[in-house]
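Trainee: After the structure tokens below, expect a handful of questions from me.
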Amino acid sequence: MKAVVCTEYGPIERLSIQSVPAPAMKLGSVRIGVKVASINPPDVLMPQDKYHVKPPVPFIGGIEGAGVVLEVAPDVTGLSVGDRVMTYAGLGCFAEQVVVPASRAFRTPDGMDDETAAGFVLVYGTAHHVLVEAAALKQDETLVVLGASGGIGLCSIQIGKALGARVIAVASTPEKLAKCKEHGADDLIRTDESLRDRIKELTGGRGADVIMDIVGGDATDSALRAIAPYGRYMIAGYASGIVPNIKANLIFLKQARVIGASFRILLERNPQAAAVNIRHLSDLWQRKLLRPEVTARYRFEQVVDALKHVGDRKVIGKAVLYVQPE
Ligand SMILES: NC(=O)c1ccc[n+]([C@@H]2O[C@H](COP(=O)([O-])OP(=O)(O)OC[C@H]3O[C@@H](n4cnc5c(N)ncnc54)[C@H](OP(=O)(O)O)[C@@H]3O)[C@@H](O)[C@H]2O)c1
């Protein structure tokens with residue numbers, strides 16, 4: 001089968017499309033014929049050795065994708081050959097076939113196309129887990145979303161609005177901010193403005209009840225200074241590449257909580273709960289209450305350009321890679 005292989009850590013350009021044997025089948029697993037993979041920040045960072053997960057080389061990238069079940073291990077129930085599925089595989093989706101634990105393969109909702117399915121699980125699973133389960137965001141609370149025009153960001157705006165919160169979106173360009181508005185954001189902040197000052201201004205000096213931080217770096221300190229009393233500061237990612245240091249006095253003075261929340265860890269530790277969440281999100285999509293946004297599509301041969309565009313912050317919403325021709 002053809003696959004995008006990382007044979008040594010280094011610049012993205014070193015990735016190559018190779019012909020490799022299909023992965024071996026395992027108990028508890030399903031083999032998926034991948035149609036479309038989505039592109040996530042770890043796909044960009046991992047081959048450059050800039051991500052905390054460091055698979056031994058050679059490895060096939062692609063943490064997430066969608067396609068059709070080709071083979072089912074004898075001990076797996078609930079999935080059959082021919083079922084359309086979306087998967088958070090962790091690795092291996094930039095290839096014609098991937099073998100994943102059955103708990104990582106979710107039925108694609110009827111009516112959802114493969115490119116939407118390829119980029120559905122991780123971003124909606126994360127936004128839902130962070131805001132609903134970990135932050136317990138409530139109606140009429142104020143939510144600030146950093147990195148709001150990205151994959152998780154747009155989903156967070158949608159989920160925040162669905163929960164009845166007021167949503168303030170933070171993004172770097174007028175085009176990105178316009179997309180946040182289109183997805184329901186009530187107020188907008190540009191990243192070159194002071195987060196602390198603007199959040200306080202927009203909330204009458206009170207601050208935000210929940211701050212969804214998937215960016216890290218300098219943004220974290222500035223945003224944390226504008227958390228409301230008893231607010232929840234959600235640590236959910238470091239798109240800036242910089243893990244922030246949190247000042248304890250800011251948490252103490254506001255009696256705030258700083259909470260880490262990861263959908264990947266939920267999937268590893270409590271796959272049943274993750275599966276319930278994905279079924280719920282699929283149901284919301286079928287009722288037209290969610291609006292996935294794929295804005296960039298690449299052919300398999302364009303994988304290096306695709307990864308660079310995502311890494312250079314040029315993509316709004318989700319980018320996908322067609323493993324099989326469109
Ligand atoms: N907690 C979880 O369960 C979980 C799950 C999946 C992913 N993540 C992590 O969450 C983060 C965001 O994921 P995503 O899928 O939303 O990514 P994405 O689609 O690439 O969006 C990231 C956003 O962050 C902003 N950003 C600020 N500085 C950046 C930089 N130096 N490089 C790239 N983007 C930068 C960008 O917006 P502006 O240009 O507007 O600033 C961009 O829209 C990543 O770190 C990812 O690894 C967490």
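Trainee: Taking all protein chains as present, what is the carbon and sulfur share of the accessible area of the chain, in % to the nearest whole number, probe 1.4 Å? Show your work: numbers first, answer last.
Mentor: On the way: 7470 of 14230 Å².
Here it works out to 52 percent.
Trainee: In the structure displayed, which of LYS54/LYS138; LYS54/LYS247; LYS200/LYS318; LYS54/LYS181 lie more than 32 Å apart, Cα to Cα?
Mentor: LYS54/LYS138; LYS54/LYS181
Trainee: Using only Cα atoms and rounding to the nearest 10 degrees, what angle (0 to 90) does helix 151-162 make with the longest principal axis of the chain?
Mentor: The answer is roughly 60 degrees.
Trainee: Over the chain, give the accessible area per residue in Å² for a 1.4 Å probe, as an integer.
Mentor: Accessible surface, normalised per residue, equals 44 Å².
Trainee: While we're looking at this one, here's another question. Among ILE159, VAL303, GLY62, whose Cα lies farthest out toward the positive end of the dipole of the chain, if unit charges sit on the beta carbon of Lys, Arg (+1) and Asp, Glu (-1)?
Mentor: ILE159
Trainee: For the chain, take every pair of Cα atoms, bin their distances at 10 Å starting from 0, and report each bin as a whole percent.
Mentor: 6, 27, 34, 23, 9, 2, 0
Trainee: Any idea what the dipole of region 123-264 comes to, in debye rounded to 20, about its Cα centre with Lys/Arg Cβ at +1 and Asp/Glu Cβ at -1?
Mentor: Result for region 123-264 is approximately 240 debye, rounded to the nearest 20.
Trainee: Further question: Rule-of-thumb check for region 123-264: C-alpha Rg over 2.2 N^0.38 Å? Before the final figure, lay out each step's value.
Mentor: Values: Rg = 13.1 Å, N = 142, 2.2 N^0.38 = 14.5 Å.
In units of the globular-protein estimate, region 123-264 measures up at 0.91.
Trainee: Now for a separate question. Note down, for region 62-213, the three equivalent ellipsoid semi-axes (square root of 5 times each alpha carbon gyration tensor eigenvalue), biggest first, whole angstrom.
Mentor: Semi-axis lengths for region 62-213 are 37, 15, 12 Å.
The values are calculated or read from the model by the stated rules, or taken from the named source; none is laboratory data. Predicted model, so just to flag it, every value in this text is computed and none were measured. Positions of Cβ are generated from backbone atoms using ideal geometry, with glycine treated the same way; all protein chains shown enter the neighbour counts. The protein model used for the area step is the full one, side chains on, heavy atoms only, and it has no ligands, DNA or RNA in it. Shrake-Rupley method; radii C 1.70, N 1.55, O 1.52, S 1.80 Å.
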